[in-house]
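What follows is one structure encoded as structure tokens, with my remarks underneath.
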Amino acid sequence: MVDSTMVLTGQTIAYTVYCLVIILLVAWFSWKVTGKGSGSAVKPALFYTFVGLLTVLGVSLHIVTYNTIPWAEMDLNRSDIKPDKTFCITVKNHEFILPEQKLVINVNDKVLFDVRSEDLTYGFGLFRSDNSMLFQMQVVPGHKNDLLWQFNREGVYSIRSTEYSGPRGIRMVIKDAVHVVANGTTN
């Protein structure tokens with residue numbers, strides 16, 4: 001599975017270039033339309049050619065980046081995937097209740113996080129040590145709230161609530177709760 005930071009970087013570059021081209025086209029068109037008596041108006045064929053090119057480029061960009069979202073394929077084929085590990089986590093009274101103090105996962109394991117709320121709507125997110133988010137989901141009481149993820153590299157992650165659940169929700173953090181290790185090793 002592709003790391004989400006690489007996907008974000010690639011998509012940021014691609015969409016920034018695309019937006020800059022659109023802005024330049026609009027600026028060029030505006031400059032040509034508002035020019036006084038120069039006799040060099042924008043020819044409709046040229047303008048619509050550029051618009052058509054941008055449309056094809058934009059649609060192509062969406063098609064090309066569609067399969068770069070790391071979790072898309074796993075979500076689409078979820079019914080056929082059996083997780084290697086399942087962690088049942090309960091959330092109540094602004095607290096995560098884990099099945100173990102430290103959740104240990106092997107690299108390349110597919111893990112199902114089955115999170116249930118007993119009182120409020122919470123968030124469940126895994127965060128890297130640099131505080132960037134790996135993934136998150138909303139946890140709604142009375143509903144199925146689970147997320148399937150494959151970990152492709154070693155790392156230590158913290159669990160945080162990513163939804164506003166009142167003033168006490170800000171303290172819903174468990175540092176270094178998830179340890180992804182090379183197969184057979186423990187931290």
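Observations
- Less than 5 angstrom separates the built amide H of ASN145 from those of VAL115, all sequence-distant by 5 or more or on a different chain.
- Angle in degrees between helix 4-34 and the longest Cα principal axis of the chain, rounded to the nearest 10: 20 degrees
- Mean ellipticity per residue at 222 nm, deg cm²/dmol - from DSSP H runs of n ≥ 4 across the chain, formula -39500 (n - 2.57): -11000 deg cm²/dmol
- Contact order, relative form, for the chain: 19 percent (alpha carbon pairs under 8 Å, 6 or more residues apart, mean separation divided by residue count).
- Pairs exceeding 21 Å between alpha-carbon atoms, taken from LYS110/LYS144; LYS102/LYS144; LYS82/LYS175: LYS102/LYS144; LYS82/LYS175.
- Annotation: Cα Rg of the range 119-187 relative to the compact-globule expectation 2.2 N^0.38 Å equals 1.21.
- Between the Cα long axis of helix 44-66 and the first principal axis of the chain there is an angle of about 10°, rounded to the nearest 10.
- Cβ-based charge dipole, the chain, positive-most Cα from LEU57, ASN108, LEU76: LEU57
- Built amide H within the under 5 Å cut-off of VAL104, gap 5+: HIS179
- For the range 74-181: rounded, prolate or oblate by the Cα gyration tensor [a/c cutoff 1.5]: oblate
- Rounded to the nearest 20 debye, the dipole size of the chain about its Cα centre is 700 debye, using +1 on the Cβ of Lys and Arg and -1 on the Cβ of Asp and Glu.
- Restricting the calculation to Cα atoms, every distinct pair contributes to the Kirkwood radius of the chain, found to be 19.9 Å.
Where a number appears in this text, it was derived from the coordinates with a stated rule and is not lab data. The structure displayed is predicted, hence computed values, not measured ones. Glycine also receives a Cβ, built like all others from the backbone with ideal geometry; neighbour counts cover every protein chain displayed.
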